[in-house]
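Please treat every number below as a calculation from the coordinates, not as lab data. Treat the numbers as computed from the prediction; the structure is a model and nothing was measured. As a convention, Cβ positions derive from the backbone with ideal geometry for all residues, glycine included, and neighbour counts pool all protein chains shown.
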Amino acid sequence: MPRVSRKVAQHPKIWLCCTPKSASTYLDQILNHLWRNDCCSGSPVPFWNDRYQEPDVLSVAKAIGFSSKPYFSGHHHQRNTSFFSKTFLNAHLYEQSVPVIVQTRPLNDTLVSIKDMLDDNYANYGEVKGPYIVGLNADWHAMDDVAKYISIAAAYAFWHISFVKSWSTYPNAMYVTYSDVTLNTVQTVKNISDFCSIPKSLDEIEMAINTVNSLPKKLRRLNVGKSGRGSKVLPNEVIDYIEKLEVICGLAK
């Protein structure tokens, strides 16, 4: 395993690390299409519900194979932990660290979007799916919106803040937001390509975006959330909880 880890660490890579509900699937699809001839890629975490865990070294090593192309790892809910840095990012002993695209969305808006998703899951599947929340399937339909938001915030808010803080000192990160991706898509993708040293023309970028936009909505998974709605929708109890948590974690504005 140490030899495999060294192989993975030494290979050129580009990582897209994101908070949930930040239009990450949409951006990942665009970049995968745009860079299909420039990068090799694969699933570094085998299962959807494991996305909060560290990437799988063997899966990455298999995807890399004998390719000399950068390995693009997209759509990752991955904090910058010491294991992640040593095994996947900084252990290559080169001066230039791996470029990381850090994609985020304001926590207030994220909580609203997560609730929308969970309500939809319960309505369509009869249960709450995904790693966000555990043990509320029997009670979810009877909870009011305030109780739902409080439960989601208690389960998720600290991870979100921890994610943002973990990347704050990484030296080679580019930060993009939900609004960047959804409202200024072409320029955002152009900036990302330049940052990752894979320059693309505006025509190529627009073609990739149009290809993804032509996919069925279910595959694009681009929700219709509007930036700033969290502050208008969330109960005061949840807003107060988030503000106190940000103070405790040193992220208060």
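Miscellaneous remarks
- Within-14-Å neighbourhood charge of ASP38 [Cβ basis; K, R +1; D, E -1]: +2
- Remark: for residue pairs LYS190/LYS217; LYS148/LYS232; LYS13/LYS200; LYS69/LYS165; LYS21/LYS148, the C-alpha separation exceeds 26 Å in LYS69/LYS165.
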